[in-house]
Each structure stands twice: as C-alpha cells, then as structure tokens.
Amino acid sequence: MPRDSKSDARANSQAGTERSRPLLHQHAREIQPYGKIAKLSIALDESVCAESAENLNQVLADTISLRDLYKKHHWQVAGHTFYQLHLLFDKHYEEQNELVDTIAERIQSLGAISLAMAADVAETTIIPRPPRGREEVPVQISRLLEAHEMILKEARTMAKQASESGDDGTNDLLVSDVIRTNELQVWFISEHLVDVPLVRADLQGAEKETPKSKTAGAR
C-alpha cells in the first residue's frame, strides 16, 4: 500500500526534532583526575611539571582569595576616601583576575588540572577568611597587605624551585607577573595607611624639628 504523505511528513518532522534535541543529564568518569599529569611535549620531566603545578595551584587559590577580597572591599568600603578606594580596589581586582587566568593556563600547559571551584579554593588557600560584615578602611587595607605578603613569600620560594628545576616558564610567570603585580599593589594601598594631615599641615611638628636640624647642621 502507498504510504500516506501526511504520515511521512509527521515522521520526518519527528526525526528532525530528535536530531536537534540537546543530550541532557550526561555523566561519565573524569578524563583526567586532579593531581595527575597528562604529559605534553614541552621538554620538561613529568615530575617537574607535577611539582610546578602543585605550587601554582597554591598560588592560584591564594590569588583567587585575594582577588575576591578586593571585590568585597570594593563593595563595602566607606568613609571620606570612599571614591578613591572604591576605584582602586576594583582596579586591583581586575589585575588579580588577569593573574588568575594566567596562572590557571600555565597549570594546564604543564599538563595538570587547575583549581576552579569556590569550595576547592576555600579548602586550599592560606589567606585568612574575613567576616561577612563591613570593616573599617584601615582593617580592610591591613587584610589586603597581609594577603599580598603571604603570596609574595610563597611566590619567591616557588620561583627559586622552578628555576632550579629548569622550569623557566613557571619561574618567569611567578617573577614577572605574580611578584611584580603584587609588589606594585602593595605600594599603592600602603600609602593609604600613612598618617598625614588631611587639611592643615602639622606646623607644631615642623617647629619641633627645626631646632634639632639647626643644631645638627652646626655640628
């Protein structure tokens, strides 16, 4: 018997729908477990790649924490320096965010797996967790400076390890990107903790210093 043209059209329509339907709720084993190296042709021993990746994942977790600390303070900063610090904190956030991507890509290029999820970062970072509420500006900046110093200490140690292992790419990233960026940001925010007069110069302090300087000059 000849097929009904309407049935053929309906069948073709259903077949087209099946082919274009997304395949949802898929599950499978990991293709690469965390901590394992998928060896790439980068002329480095697997053990060197593993050591560098482990170090970089620590720096990555701490950099993500510092980045997010900047964003928290960007939202919550208060006081007469609100505008300046609101902008500065966000600028430093963006710079740290670039570091996060650079570090993660270096880990992947070593054949390893980079940390990504908040829960994993929270379990790994050594940066102290701040309270949920708002803090005063000097406390915000002090927290940032402490976090910067932690990252700088570990980055310097890890850069030496990478250099001794012959991993020039990781050494260059830690020195040229991580260390230099953090040092510059430390300078910028440290200046906000210098206790200088805001409106009127400290004339009394200047008068007290003048006799001493004259005496010193006479000697």
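Of the residues making up segment 8-40, those that are out of contact with any Asp or Glu (no Cβ under 6 Å at 6 or more places or on another chain), modelled with pLDDT of 80 or more and either polar (S, T, N, Q) or surrounded by 10 or more Cβ atoms within 10 Å (Cβ to Cβ) (or both) are Ser20, Gln26, Gln32, Tyr34, Gly35, Lys36, Ala38, Leu40. A search for C-beta distances below 6 Å between a residue of segment 66-89 that is within 14 Å of Glu135 (Cβ to Cβ) and any residue that is among the β-branched types (Val, Ile, Thr) and not in a loop (DSSP other than H, G, I, E, B), counting only pairs 6+ apart in sequence or on different chains, returns Gly79/Val137.
More than 15 Å from Met150 (Cα to Cα), at pLDDT 95 or above and of a type in the set (A, V, I, L, M), is that true of Ala61? Answer is no for this residue. The set of residues in segment 41-70 that are assigned to a loop (DSSP other than H, G, I, E, B) and open to solvent by less than 30 Å² (accessible area, probe 1.4 Å) contains only Leu44. Pairing residues of segment 176-192 that are among the small types (Gly, Ala, Ser) with residues that are modelled with pLDDT of 95 or more and assigned to a helix (DSSP H, G or I), at Cβ distances under 7 Å and at least 6 apart in sequence or on separate chains, gives Ser190/Leu145.
Checking Ala147, Ala159, Ala112, Ala116 one by one, the residue that is at negative phi, in a loop (DSSP other than H, G, I, E, B) and open to solvent by less than 40 Å² (accessible area, probe 1.4 Å) is Ala112 and no other.
The values are calculated or read from the model by the stated rules, or taken from the named source; none is laboratory data. Nothing here was measured: the structure is a model prediction, and the numbers come from that model. So basically every Cβ, Gly included, is an ideal-geometry build from the backbone, and we count neighbours across all protein chains shown. Remember, those area values only see protein heavy atoms, side chains included, never the ligands or the DNA or RNA. Shrake-Rupley method; radii C 1.70, N 1.55, O 1.52, S 1.80 Å.
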